[in-house]
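*Asks:* Dropping a structure here in structure tokens format, bear with me for questions.
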Amino acid sequence: QVTGFFIQMSESIAAYLKRINKLKNAYEPFIPESLIQVFGEKDIRDIEPGKETEQEAAILVLESYQLKWETDQSDEHKFSVLNQIYCTVNDTMEKGGGIVERFTEAGAVILFKDGVGAALKAAGEGLKMLKGAYFFGAGIEVGSLKFGVIGTEDRMEVMTISPHTQLAVLLNQISCRY
């Protein structure tokens, strides 16, 4: 009986510690590992707010204006569809060597250090994985990007500043329209 009590108590303690660790991890600042590596670091805690770096990259903007225009679906359905799209885009872009810089209202801005060829290949794979359910426009531009960490130590974000990103967004809008 004593052994059974100790086993039950140790299982309860292990479950409690697992819950505490999960809660602790939820409060850690989150920046994707691929963006942390842009700064030459392995851990977010090694990056100070205000740190910046510059790199050449291909900027790919994939966005579905079809998703923005659809209003006949419930919000619950829209969230489910958007989450499926974001997961697919994130997975295929990272497999293709891209870094998802941010999600947009109905798509993403993705950076490729390996250039336009890698961006086009990853975009093709991502759209193939979505099985043609939605039409996506694409805008690609190559240029210099300035990356900076903004915020405080307990809430940091990586921001990308470049006129090339704006041009990629405009090209995406044109491709959606025509």
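The values are calculated or read from the model by the stated rules, or taken from the named source; none is laboratory data. Note that the structure is a prediction, hence the values are computed from the model and not measured. Positions of Cβ are backbone-derived with ideal geometry, glycine not excepted, and every protein chain shown enters the neighbour counts. Side chains included, ligands, DNA and RNA excluded: accessible areas come from the protein's heavy atoms. Shrake-Rupley method; radii C 1.70, N 1.55, O 1.52, S 1.80 Å.
*Asks:* When the range 151-178 is examined, which residues are found to be among the β-branched types (Val, Ile, Thr), more than 17 Å from the chain's Cα centre (by Cα) and closer than 16 Å to residue 36 by Cα?
*Replies:* Result: 152, single match.
*Asks:* Output the residue which, of all residues in the range 102-120 that are crowded, with 17+ Cβ neighbours inside 10 Å and not in a strand (DSSP E or B), is modelled with the lowest pLDDT.
*Replies:* Filtering the range 102-120 for residues that are crowded, with 17+ Cβ neighbours inside 10 Å and not in a strand (DSSP E or B), the one modelled with the lowest pLDDT comes out as 106.
*Asks:* Any chance the range 93-110 includes a residue that's under 24 Å from residue 161 (Cβ atoms) and of a type in the set (Phe, Trp, Tyr)?
*Replies:* yes
*Asks:* Another question about this same structure. Taking residue 11 as the residue in question, decide whether it is farther than 14 Å from residue 158 by Cα, modelled with pLDDT of 90 or more and among the acidic types (Asp, Glu).
*Replies:* yes
*Asks:* Scanning the range 135-178 for residues that are of a type in the set (Ser, Thr, Tyr) and either touching a Ser or Thr at 6+ places or on another chain (Cβ under 7 Å) or over 28 Å from residue 40 (Cβ atoms) (or both), which turns out modelled with the highest pLDDT?
*Replies:* Once the filter is applied, the top-ranked residue is 144.
*Asks:* Please count how many residues of the range 138-178 are open to solvent by 70 Å² or more (accessible area, probe 1.4 Å) and in a strand (DSSP E or B).
*Replies:* 8
*Asks:* Exactly one condition in (1) at pLDDT 75 or above; (2) on the phi < 0 side of the Ramachandran plot is false for residue 65; which is it?
*Replies:* It is condition (1) that residue 65 fails.
*Asks:* Is it the case that residue 74 is at pLDDT below 80 and surrounded by fewer than 12 Cβ atoms within 10 Å (Cβ to Cβ)?
*Replies:* yes
*Asks:* Next question. So for the range 124-137 (the condition being under 22 Å from residue 37 (Cα atoms), open to solvent by less than 70 Å² (accessible area, probe 1.4 Å) and in contact with a helix residue (DSSP H, G or I) (Cβ under 7 Å, 6 or more places away or on another chain)), does at least one residue qualify?
*Replies:* no
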